[in-house]
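Enquirer: Got a structure here, written out as structure tokens. Questions coming.
The values are calculated or read from the model by the stated rules, or taken from the named source; none is laboratory data. A quick note: this is a predicted structure, and the numbers were derived from the prediction, not measured. Note that each Cβ is placed from the backbone with ideal geometry, even for glycine, and that neighbours are counted across all protein chains shown.
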Amino acid sequence: MKHGESTEERFEALLEDVRLPTGGVVYAELAGEVSPLLPLLTELPVGEGTSRDYQSFEFRECFAVLTLLGRRLALLDLTPTATMQIVLLALRAVERPDETFSRKFAQRAAEASMEGFVLGREERSAQTAEARAAKPLRPLRIGDAVFALIVSGVHEPTVLSECVDALGRAMLNADVEVAVVDLTQVGEPNRERATAMFAADEIAKMLGGVCVFAGIDARWRAAAAEARIPLDELQIAPNLGGAVAAAQAIAAGASVAAKPTWRALIDRLRG
């Protein structure tokens, strides 16, 4: 280590020397991710002949941080190979010329980082799958006067809220006032998801129209009760087919006497 050079600076210099492929992640960001690990490494005994207890607090803390580092690198889309190289460079950054970490410790460090990497990769895969599942959740136009929102799977309330907002934008842009929202395939109803989905009724009413809901079972009724949403004030059909038929009948018989002012709704849907 150069005189006056910090371990973080040395680590970043090592990254520059080996030209580690990072998929676009800048070295300074990687150095920031590794920085909590470096002081822990400097406190550990080094050398093949040094007696150690990997169950002691200092080692367990270090392995825990290595696991967290592996998770973070997976979330940054680094490869397993790059992750292991980063761990080895971190060890080199704190080593002194006459003292190096044992092979056994280096192996344990790599294993800990890989445990975290697997967790991070699973988390990233789940995020990607959720984003992919949410992407096609767009309103479906049925005829000239009805839009339907048919959601499938388990989604965060924010995603569901975005889908309902998209329904409102589609209705507003097409001058359509009747909507169908199917909850049959939406997983894990709770208060927040109920609040997000049943907001479609408010949007339809602000447009001077109506929303017909399908798939409201006991779980959704319990979630609506927890969210203090009065279901007896909503238009509810027993199934999707019934909801579409009811919506088309409402659209066919509707006569719009006056349009409400839409400023608040436009601010929400177009803002």
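Enquirer: Within the set of pairs 6+ apart or on separate chains, which have a first residue in segment 231-246 that is buried (at least 17 other Cβ atoms within 10 Å of the Cβ), a second that is part of a helix (DSSP H, G or I), and C-beta atoms under 6 Å apart?
Expert: If the second residue must be part of a helix (DSSP H, G or I), the pairs left are Leu234/Asp201; Ala237/Ala243; Ala237/Ala246.
Enquirer: Do any strands (runs of 3 or more DSSP E) lying entirely in segment 96-212 carry at least 2 residues that are over 26 Å from Ala223 (Cα atoms), and which ones are they?
Expert: So the answer is 140-142.
Enquirer: Which residue, of Ala200, Ala258, Ala225, is at pLDDT 90 or above and over 16 Å from Phe147 (Cβ atoms)? Can you show your working first?
Expert: Details: Ala200 fails: over 16 Å from Phe147 (Cβ atoms); Ala258 fails: at pLDDT 90 or above.
Going through Ala200, Ala258, Ala225 in turn, just one is at pLDDT 90 or above and over 16 Å from Phe147 (Cβ atoms): Ala225.
Enquirer: So which residues in segment 76-101 are surrounded by fewer than 19 Cβ atoms within 10 Å (Cβ to Cβ), free of Cβ contacts under 8 Å to residues at least 60 places away in the same chain and either over 17 Å from Val118 (Cβ atoms) or in contact with a strand residue (DSSP E or B) (Cβ under 8 Å, 6 or more places away or on another chain) (or both), if there are any at all?
Expert: Scanning segment 76-101 gives Leu88, Glu95, Pro97, Asp98, Glu99, Thr100.
Enquirer: Continuing with the same structure: Would you be able to say whether some residue in segment 50-62 is crowded, with 18+ Cβ neighbours inside 10 Å and at pLDDT below 85?
Expert: No, the conditions are met nowhere in segment 50-62.
Enquirer: If you don't mind, another one. From Glu123, Glu188, which residue is surrounded by fewer than 17 Cβ atoms within 10 Å (Cβ to Cβ), assigned by TED's automatic domain parsing to the domain that holds Leu69 and acidic (Asp, Glu)? Even if it seems obvious, please write down each step before you answer.
Expert: Details: Glu188 fails: assigned by TED's automatic domain parsing to the domain that holds Leu69.
Of Glu123, Glu188, the one residue that is surrounded by fewer than 17 Cβ atoms within 10 Å (Cβ to Cβ), assigned by TED's automatic domain parsing to the domain that holds Leu69 and acidic (Asp, Glu) is Glu123.
Enquirer: Mind telling me which of the residues Ile236, Ile229 ends up being more than 19 Å from Arg138 (Cβ to Cβ) and in a strand (DSSP E or B)?
Expert: Working: Ile229 fails: in a strand (DSSP E or B).
Unique residue meeting the criteria: Ile236.
Enquirer: Counting only residues that are among the charged types (D, E, K, R) and either out of contact with any Asp or Glu (no Cβ under 8 Å at 6 or more places or on another chain) or within 23 Å of Ala245 (Cβ to Cβ) (or both), how many does segment 147-165 have? Steps first, answer last, please.
Expert: Residues of segment 147-165 among the charged types (D, E, K, R): 156, 162, 165.
Within this subset, residues satisfying the condition of being either out of contact with any Asp or Glu (no Cβ under 8 Å at 6 or more places or on another chain) or within 23 Å of Ala245 (Cβ to Cβ) (or both) are 162, 165.
Matching residues across segment 147-165 total 2.
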